[in-house]
Amino acid sequence: MKVTKLLIVTLLSLCFFPAKAQWRLGAEVGIDLSSVNVITNHTQIGSHGGLTIDYAFKNRINLSTGVFHTMKGANTICADDLGYEMLVRLGYLEVPVMIGYRIPIASNIHLTPSIGTYFSWGVNGYGEFEKSTTSNTPNESMNLTEWSNPFESHYYNTAESERKLAYAFNRFDTGLRFGLNAEIGRVSMSFNYDLGLKSMWKGFMDAGLYHQLRNRNATLAIGYKFQL
């Protein structure tokens, strides 16, 4: 709640800044390299794109935000002791709020390290999971099951025809963001890392997680900025 209030205050403050050349609107595209914070998962490559807006103060402080669509998730997630293995792709609409310091390197070349937070809402996705026989469940296994939208609960059948439930992933996610942006004229190249703080999922109905899943995401992007 405190973070949400801070975001609202920041955005309202931006509305009162004069519309001079410091305002810039841009667009960027790139890739996401995402995972969750468990050892037994593999990094997934996804797409990233959206619009940016920033305001550069005369003292080189830079405020930036935007709206993006990002693809997060991971491959081969094993987070319970009952033999479930999962692949999940999670599409979010994401709004970051960042503050940075714009360092001039050479004529028309700037480097901006930044820190802030992000807020995202799940809008689309895809998943697959299966279950192998383990010492805890020697008489139960499950064929590969497709999950058309991981943000909605999904009923499935085991190989023994038992009907069970996979809980929905949480649509809302938030966390810290760390960034580094390089600008050459109006062209920008950026690296951002998202450190999710909110638990993403509570697991299957019959198998609680032994480790909470949280988003981890690195973004590499290229963009173009227009002065307003």
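The values are calculated or read from the model by the stated rules, or taken from the named source; none is laboratory data. Computed from a predicted model, the values in this text were never measured in an experiment. Here the Cβ is made from the backbone with ideal geometry for all residues, glycine too, and neighbour counts use every protein chain on show. The accessibility values were calculated without ligands, DNA or RNA, using every heavy atom of the protein model including side chains. Shrake-Rupley method; radii C 1.70, N 1.55, O 1.52, S 1.80 Å.
Among residues of segment 119-130 that are closer than 11 Å to His69 by Cβ, those with a beta-carbon under 9 Å from a residue that is at pLDDT 95 or above and among the β-branched types (Val, Ile, Thr) at least six positions away or on a different chain give the pairs Ser120/Thr70; Ser120/Val95; Ser120/Thr174; Trp121/Val95. Restricting attention to segment 158-169 and to residues that are modelled with pLDDT under 90 and open to solvent by less than 90 Å² (accessible area, probe 1.4 Å), the residue that is farthest from the chain's Cα centre (by Cα) turns out to be Glu160. Being in contact (Cβ under 8 Å) with a residue 40 or more places away in the chain and in contact with a Lys or Arg (Cβ under 8 Å, 6 or more places away or on another chain) is a condition met by no residue of segment 63-70.
Taking segment 28-118 as the region of interest, the strands (runs of 3 or more DSSP E) fully inside it that hold 1 or more residues being out of contact with any Phe, Trp or Tyr (no Cβ under 6 Å at 6 or more places or on another chain), open to solvent by less than 20 Å² (accessible area, probe 1.4 Å) and not aliphatic (A, V, I, L, M) are 44-56, 61-77, 84-101.
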